[in-house]
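**Student:** If you scroll down you'll find the structure; I have some questions about it.
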Amino acid sequence: MINEADKYNLTHPPQLREALDARSAERGVAKLRFILDRRTFRLTKEELERRFLPLARQAGLPTPLTGQLVNEFEVDFYWPELGLVIETDGLRYHRTPAEQARDCLRDQTHTAAGLTPLRFTHEQVRYEPEHVLAVLQATAAMLAARAAQAESRLAIATK
């Protein structure tokens, strides 16, 4: 219901969350606050890296570059040797249509340049690390297989 109300501009989740602080003793407020906190919080850059980087390591990925310019966009995490770009999005900066359109443009630009772009929300990194890990592991395996195929083709072509 919160999503639908937000979609039709009937409410704004961060403002709704703030309004709940004045009503903390009322029935149902704790549950609503829990739902909104998962959707409206934003990890600091340091906390995000502290939570995300161990997942990347556990998935078998090497240490990424952070804050690099790639295709004229600053990216959160970048593995140039794998052609992998990962963005971690908080609702605060990725909720309007214009911001979402810019995110699509970024992903399309990276894909057109031969990179693999992935996006995770701050909520996923914080509350669903097992999902993030599973996607990272599958992506790392796919990129390793792709690299092995490319090496095999190159070896055959140079014989």
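**Student:** Does L10 count as at pLDDT below 95 and in a helix (DSSP H, G or I)? Give the steps one after another, and end with the answer.
**Tutor:** Values: at pLDDT below 95: yes; in a helix (DSSP H, G or I): no.
No; evaluated as a whole, the condition is false for this residue.
**Student:** Residues to consider are Q137, Q100, Q108; find the one that is polar (S, T, N, Q) and closer than 17 Å to P62 by Cβ. Let's see the steps before the verdict.
**Tutor:** Working: Q100 fails: closer than 17 Å to P62 by Cβ; Q108 fails: closer than 17 Å to P62 by Cβ.
Only one candidate passes the filter, namely Q137.
**Student:** Next question, about the same structure. Report yes if A101 is surrounded by fewer than 13 Cβ atoms within 10 Å (Cβ to Cβ), of a type outside the set (D, E, K, R), assigned by TED's automatic domain parsing to the domain that holds A148 and closer than 19 Å to T139 by Cα, otherwise no. Even if it seems obvious, please write down each step before you answer.
**Tutor:** On the way: surrounded by fewer than 13 Cβ atoms within 10 Å (Cβ to Cβ): yes; of a type outside the set (D, E, K, R): yes; assigned by TED's automatic domain parsing to the domain that holds A148: yes; closer than 19 Å to T139 by Cα: no.
Taking the combined requirement at face value, the residue does not satisfy it.
**Student:** Can you name every residue in the stretch 139-159 that is closer than 24 Å to E47 by Cα and free of Cβ contacts under 8 Å to residues at least 24 places away in the same chain? Even if it seems obvious, please write down each step before you answer.
**Tutor:** Applying the first criterion (closer than 24 Å to E47 by Cα) to the stretch 139-159 yields 139-140.
The answer is none; no residue qualifies.
**Student:** Examine the stretch 118-125 for a residue that is aromatic (F, W, Y) and in a helix (DSSP H, G or I), and state whether such a residue exists. Before the answer, list the steps.
**Tutor:** Taking the stretch 118-125 and keeping what is aromatic (F, W, Y), we get 120.
Okay, now just the ones that are also in a helix (DSSP H, G or I), so none.
No, because not a single residue in the stretch 118-125 is aromatic (F, W, Y) and in a helix (DSSP H, G or I).
**Student:** Inspect the stretch 119-128 for any residue being at pLDDT 90 or above and out of contact with any helix residue (DSSP H, G or I) (no Cβ under 8 Å at 6 or more places or on another chain) and give the result as yes or no.
**Tutor:** Yes, the stretch 119-128 contains a residue that is at pLDDT 90 or above and out of contact with any helix residue (DSSP H, G or I) (no Cβ under 8 Å at 6 or more places or on another chain).
**Student:** Taking the stated definitions as given, is R126 more than 20 Å from T44 (Cα to Cα), surrounded by 11 or more Cβ atoms within 10 Å (Cβ to Cβ) and either not charged (D, E, K, R) or not assigned by TED's automatic domain parsing to the domain that holds T11 (or both)? If you could, list the steps in order and put the result at the bottom.
**Tutor:** Numbers: more than 20 Å from T44 (Cα to Cα): no; surrounded by 11 or more Cβ atoms within 10 Å (Cβ to Cβ): yes; either not charged (D, E, K, R) or not assigned by TED's automatic domain parsing to the domain that holds T11 (or both): yes.
No.
**Student:** Being part of a helix (DSSP H, G or I) and either buried (at least 20 other Cβ atoms within 10 Å of the Cβ) or touching an Asp or Glu at 6+ places or on another chain (Cβ under 9 Å) (or both) is the filter; apply it to the stretch 56-93 and report the residue that is modelled with the highest pLDDT.
**Tutor:** Of the residues in the stretch 56-93, the ones part of a helix (DSSP H, G or I) are 56-58, 91-93.
From the residues that got through so far, the ones that are either buried (at least 20 other Cβ atoms within 10 Å of the Cβ) or touching an Asp or Glu at 6+ places or on another chain (Cβ under 9 Å) (or both) too are 56, 91, 93.
Numbers: A56: 97, L91: 59, Y93: 54.
Among those residues, the one meeting the criterion is A56.
**Student:** If you check every pair at least six apart or on different chains, which have Cβ atoms under 7 Å apart with a residue in the stretch 65-78 that is in the same structural domain as T116 (by TED's automatic domain parsing) first and a residue that is assigned to a loop (DSSP other than H, G, I, E, B) and loosely packed, with under 12 Cβ neighbours inside 10 Å second?
**Tutor:** The qualifying pairs are E74/G67.
The values are calculated or read from the model by the stated rules, or taken from the named source; none is laboratory data. Bear in mind that the values here come from a model prediction, so they are computed numbers and not experimental data. Methodologically, a virtual Cβ is constructed for each residue, glycine included, from the backbone with ideal geometry; neighbour enumeration extends over all protein chains shown.
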